[in-house]
Structures are given as structure tokens and as C-alpha cells.
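Bear in mind these aren't lab numbers, they're just calculated from the coordinates by the rules spelled out. Everything quoted here is computed from the prediction, not taken from an experiment. Cβ sites come from the backbone with ideal geometry, for glycine too, and all protein chains shown count toward neighbours.
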Amino acid sequence: MSADIALRRKETLASMCDERARMLQDQFNVSMNHVHALAILVSTFHHGKQPSAIDQKTFEEYTERTAFERPLTSGVAYALRVRHSEREEFEKLHGWTIKKMESEDQTLAQDYIPANLDPAPDQDEYAPVIFSQQTVSHIVSIDMMSGKEDRENILRARASGKGVLTSPFKLLKSNHLGVVLTFAVYNTHLPPYATPVQRINATVGYIGASYDVPSLVEKLLHQLASKQTIVVNVYDTTNKFAPIQMYGMDENDTGLLHVSNLDFGDPARKHEMHCRFKQKP
Ligand code: WA2
């Protein structure tokens with residue numbers, strides 16, 4: 001192969017990979033902005049009004065009708081911050097107990113419904129889901145602080161005021177790895193340049209969106225009709241010595257590799273897209 005053909009081939013791979021990485025990143029950014037806006041919606045119309053203007057039915061209808069605004073997400077939900085001292089009153093009001101997030105095999109069971117889950121053991125505070133998009137209705141009443149990844153996200157979101165992402169993990173009722181995006185919802189008394197402690201104290205709940213990465217990336221790449229040409233892999237490379245594969249098959253060494261950076265808006269997480277040609281030249 002002549003030197004200029006080899007160079008052209010390299011440039012083609014780079015531009016195809018960068019284009020796909022940019023599309024994925026842009027769609028992620030669009031949905032992140034809309035999840036942020038949902039946090040403000042809940043703050044304004046649920047916490048900011050007496051009585052609240054949002055109930056499960058309104059939330060479900062609104063989130064379903066605006067689902068097109070959140071590409072790549074499989075569902076959004078709202079978890080309320082409940083202190084242990086408020087638990088009894090909260091459970092009486094809702095007519096259900098706060099549930100503990102359960103193990104994989106339990107959540108994969110055919111008859112898995114939140115009502116069959118165990119009550120959450122006593123904790124200082126809880127984050128039970130009170131509103132959900134219909135697509136993730138199976139997490140209603142579950143204490144999101146009882147799941148490791150969800151809990152870390154909640155703590156980081158409320159101290160920072162930013163949208164935060166989990167590492168890839170197996171979402172409830174899904175066979176794939178996914179990620180969760182969380183924004184804290186604050187009461188209206190939060191000063192604009194609040195400190196982490198002020199933010200934590202002003203937190204009233206958490207809006208979260210789940211991303212089923214494999215099926216959503218697949219859908220995105222499908223629109224580009226390049227699947228005969230290149231193989232795409234997406235990794236969480238936050239720990240660069242132990243990357244986590246989020247999309248794609250094991251990489252097959254066909255020579256040329258191009259790595260495009262992916263910025264999903266959480267500086268604490270790093271992601272990359274790896275592209276290769278399917279065929280050797
Ligand atoms: N949403 C959907 N499926 C899940 C999940 C989740 N978390 N966790 C595990 N499987 C309400 O950050 C608050 C959503 C958590 C938000």
C-alpha cells in the first residue's frame with residue numbers, strides 16, 4: 001500500500017470516529033440539559049407550590065411527552081430526600097414502605113416488583129423514588145441511597161450542584177451496563193454561590209436519568225449506516241489502567257486504531273471512543 005493511500009485511510013478513520021464521538025457527546029449533552037431543566041421544574045412546581053402542582057400522573061405525562069428532548073435516556077425519576085425522623089409519616093402518607101435496592105438475581109426474577117422487595121433498614125436518611133417516567137416505574141419506592149453507584153451519585157450531585165455520572169453498572173431490570181445521571185433539587189433558599197455544606201443542607205431531592213448505553217449507542221450508530229465499515233467501542237477510562245467497556249465487542253486488532261475523546265460533562269469521569277476498520281487493507 002502506498003504511503004498516501006495509507007495516510008488517506010488513517011484520515012478517513014479519524015474523521016469517521018470523531019464524527020461519531022461528537023454526535024454521541026452532543027446527544028448526551030442535550031439530554032443532560034433537559035434533565036437539569038426537570039430538576040428546576042420539580043423545584044418550582046413541587047417544592048415551590050403549596051399544594052404541589054406535580055403528582056405521579058402529571059410527572060409521568062410530562063416526562064413521556066418530553067422524552068424526545070432526552071435522547072439516549074431510558075427513563076427519568078425523582079427521589080425525595082427523607083430523614084429517618086420523617087420516615088414513618090412519609091410511609092403513612094404514601095401508603096407504602098421505603099424499599100431496599102436488591103441483588104441482581106432478585107431484580108431479574110420474573111415476578112420482580114418493588115412491592116416484593118424488603119423494607120430499607122434504618123438509616124440517617126433515604127432517597128425513595130416518588131415520581132417516575134413510565135419506562136422506569138419499577139424503581140418507585142426504592143431507596144436510591146441503598147445502591148452503591150446511585151448513592152455515590154446522590155452525594156456528589158448535592159454537594160456540587162452539578163450533573164454527575166456513575167461509572168457503568170448493571171441497571172435494575174436490564175441486562176446491559178448503563179450509567180445514571182443525577183442532579184440535586186434544592187429548596188429555594190439556596191444562595192447563588194453556595195458552599196458544599198449549604199448545598200447539602202438545602203437539598204430536598206434528586207432527579208435522575210438512566211442511560212442504557214449499548215442499546216442507545218447502537219441506535220445512534222445505526223442512523224449513520226457505517227456498520228459495515230468500522231467497529232466502534234466506548235469505554236469509561238476514568239481509571240486508565242482499568243477501562244470499562246460500555247459498548248461494543250472485544251476489540252479485534254485489524255491494524256489501524258483511532259481514539260476519539262468523549263466529554264459527557266462530568267469532569268470526574270473520562271470516556272473514549274475507539275474505532276477500527278472492519279477489514280484489513
Ligand atoms: N434509574 C433507573 N434504573 C436504575 C437506577 C436508576 N437510578 N439505578 C439502578 N438501576 C432517581 O439519582 C436519583 C435513578 C436515580 C435517581
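Key figures
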| read-out | value |
| --- | --- |
| Shape parameters for the stretch 1-54, alpha-carbon atoms, Rg then Dmax in Å | 22.6, 73 |
| Directionally averaged projected area (convex hull, Cα atoms, the stretch 136-202), nm² | 5.0 nm² |
| Convex hull of the stretch 1-116 built on C-alpha atoms - directionally averaged projected area, nm² | 12.7 nm² |
| Dipole axis of the stretch 111-196 (+1 Lys, Arg; -1 Asp, Glu on Cβ), positive-most option in Val129, Leu190, Gly147 | Leu190 |
| Extension reserve of the Lys148-Glu60 stretch, reckoned as 0.36 nm per residue once the Cα distance is removed | 29.1 nm |
| Solvent-free Debye scattering, log10 I(q)/I(0), computed from the Cα coordinates of the stretch 24-92 at q = 0.25 Å⁻¹ | -1.15 |
| Greater than 27 Å apart at Cα, pairs in Lys49/Lys92; Lys49/Lys100; Lys99/Lys219 | Lys49/Lys100; Lys99/Lys219 |
| Nearest-ten-degree value, helix 56-65 long axis tilted from longest Cα axis of the chain | 20 degrees |
| Folded to 0 to 90 degrees: helix 3-42 orientation relative to the chain principal axis, Cα | 10 degrees |
| For the stretch 166-281: Kirkwood Rh in Å [reciprocal of mean 1/r, alpha carbons] | 16.7 Å |
| Separation in nanometres of the label points that stand 7 Å from Cα toward Cβ, at Asn261 and Lys280 | 3.3 nm |
| For Thr66, distant residues with modelled amide H under 5 Å away | none |
| Loop-resident sites, the stretch 112-216, for chymotrypsin sites (Phe, Trp or Tyr not before Pro), counting at most 12 other Cβ within 10 Å (DSSP) | Tyr193 |
| Within straight-line cross-link reach of Lys278, lysines at Cα separation under 17 Å, skipping those fewer than 8 residues along the same chain | Lys10, Lys227 |
| Calculated FRET efficiency for the pair Asp124/Leu190, C-beta based, R₀ 22 Å, to 0.05 | 0.55 |
| Highest-fluctuation residue, Met23, Met249, Met101 considered, GNM on the chain with Cα pairs under 10 Å | Met249 |
| Cleavage-rule hits, chymotrypsin sites (Phe, Trp or Tyr not before Pro), the stretch 226-281, DSSP coil, Cβ neighbours within 10 Å at most 16 | Phe241 |
| Radius of gyration and Dmax over the Cα atoms of the chain, both given in Å | 21.0, 76 |
| Residues listed by number, the stretch 153-173, amide nitrogen under 11 Å from Ile200 label point at 7 Å toward C-beta | 155-156, 158-160 |
| All lysines inside 20 Å of Lys162 as judged from Cα atoms, apart from same-chain residues fewer than 8 positions distant | Lys148, Lys270 |
